[in-house]
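Please read the structure below before turning to the comments.
All of the numbers you see were taken from the coordinates with simple rules; none came from a lab. Predicted model, so just to flag it, every value in this text is computed and none were measured. Please note: Cβ atoms are built from the backbone with ideal geometry, for glycine as well, and neighbour counts cover all protein chains shown.
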Amino acid sequence: MIGYIIGFFALLRIYTGINFFLIKRHSNDPIKIMKGAESFYSKKGKTGALLIHGFTSSPKELEELGKILTKKNLTVYTPLLPGHGTSPERLVITKYYQWIEAVEEAIKVLEKTCDKIYLIGNSFGGNLALVSSNKSKKIKGVVTLGTPIHFRREKINRFFILPILKRIKLFQKKKYKKGITNINKKRVCYNSIPLIALGHLLKVVNISKKSVRNIKKPLLVIQTKNDTVVDKSSGEYIINNSKSKIKKLVTIPESYHVFILDKHRKKAYAEILKFIK
């Protein structure tokens with residue numbers, strides 16, 4: 001019986017390896033951007049906001065916030081991160097450092113026209129904001145929205161389930177609770193998670209955890225106590241371990257992980273506008 005089980009998992013691993021090889025073979029094929037997932041740039045005043053979307057998502061989730069900031073005369077740039085807004089297969093062959101480099105390039109774009117820059121990252125985008133917070137003297141503050149330092153059920157998922165799963169399958173289909181499904185209709189994102197890419201996400205999270213200790217710039221950390229993905233200790237870690245003299249932790253009530261699309265999103269928007277002023 002054990003022999004059959006071992007043989008079954010061996011076949012799955014071979015199958016996964018073949019699929020990965022085929023995906024890499026098509027890595028130079030033309031890239032088609034999903035409708036609504038395009039980068040957004042609006043040149044306005046001398047204060048700029050770099051909005052960074054979350055893992056497997058796209059700039060669409062930050063569209064409403066971007067429009068609000070634009071109306072306040074901020075220059076807004078929301079880039080599409082590498083491997084996103086195309087197909088999950090593209091994300092399979094994307095490395096963690098490509099996301100960091102993309103954010104650094106986006107900062108350079110805003111540096112050309114802005115005197116002040118604020119980094120605003122949703123979920124995983126907040127990790128990238130933390131990592132890049134000292135890349136320019138023009139960066140005057142960082143905002144993280146539901147950004148993970150610790151995950152719910154982290155030890156089981158990170159050290160047991162993920163190492164096994166990513167060896168025998170490439171993708172894990174997302175599962176949402178009933179109320180969350182309606183919120184996701186406002187997003188342009190993948191319906192499955194590339195497990196190899198999830199490993200790269202964890203690398204960025206670890207880098208951001210170390211980067212927090214060197215942050216002296218103003219910090220606004222917003223999270224929701226009902227988050228089913230991120231542990232509430234994440235926000236506390238960012239606040240307690242940074243060297244920032246100006247920092248604030250805000251908790252949004254009764255909201256999903258991507259609370260900037262949920263019913264209390266205006267509270268988050270108000271806090272962001274107050275922080276930038």
* Under the Karplus relation 6.51 cos²θ - 1.76 cosθ + 1.60, θ = phi - 60°, what is the ordered set of whole-Hz ³J(HN,Hα) values for region 206-219, x standing for Gly and Pro? -> 5, 5, 5, 4, 6, 5, 3, 5, 9, 8, 10, 7, x, 10
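For a quick protection proxy, order the peptides 217-224, 269-276 by their average other-Cβ count within 10 Å, most packed first. Each step should come with its number before you reach the end.
Working: 217-224: 23.4, 269-276: 16.2.
Highest-to-lowest ranking by the protection proxy: 217-224, 269-276.
Out of all Cα-Cα pairs in region 224-277, roughly what percent, to the nearest whole number, are more than 19 Å apart? Mind showing how you got there, number by number?
Working: 484 of 1431 pairs.
Beyond 19 Å sits 34 percent of the P(r) for region 224-277.
With respect to the cross-link table entries 32/72; 116/247; 138/243; 137/210; 174/266; 43/135, which display a Cα-Cα separation exceeding 25 Å? Don't jump to the answer; show the numbers that get you there.
Details: 32/72 33 Å; 116/247 18 Å; 138/243 18 Å; 137/210 20 Å; 174/266 27 Å; 43/135 21 Å.
In this structure, 32/72; 174/266 exceed 25 Å between Cα atoms.
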* Structure fact -> Listing 187, 213 by rising number of other beta-carbon atoms within 10 angstrom, fewest first, gives 213, 187
* Sequence-distant residues sharing a close amide H with residue 252 (under 5 Å, placed H) -> 223, 224, 225
* Asked: With θ set to phi - 60° and the Karplus curve 6.51 cos²θ - 1.76 cosθ + 1.60, what are the ³J(HN,Hα) couplings of region 123-135 in order, to the nearest whole Hz, using x for Gly and Pro?
  -> 6, 4, x, x, 4, 5, 5, 4, 5, 9, 4, 10, 7
* Taking amide H positions as placed 1.01 Å from N in the peptide plane, with prolines and chain starts having none, which residues 5 or more places from residue 174, or on another chain, fall under 5 Å of its amide H? -> 192, 193
* Summing Lys, Arg as +1 and Asp, Glu as -1, what charge do residues with Cβ under 9 Å from the Cβ of residue 221 carry, residue 221 excluded? -> +1
* Structure fact -> The answer for residue 44, listing residues at least 5 apart or on another chain whose modeled amide H is closer than 5 Å to its amide H, is 75, 76
* Karplus couplings for region 229-237 from phi (6.51 cos²θ - 1.76 cosθ + 1.60, θ = phi - 60°), rounded to Hz, Gly and Pro as x? -> 10, 9, 6, 4, 5, 4, x, 5, 5
* Dimensions of region 38-276 along principal axes (Cα, Å, largest first)? -> 50, 35, 33
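How much net charge surrounds residue 111 when only the other residues with a Cβ under 10 Å from the Cβ of residue 111 are counted, with Lys and Arg +1 and Asp and Glu -1? Walk me through the numbers before you get to the answer.
Numbers: positive: 108, 112, 135, 137, 138; negative: 115.
With Lys, Arg at +1 and Asp, Glu at -1, the neighbours total +4.
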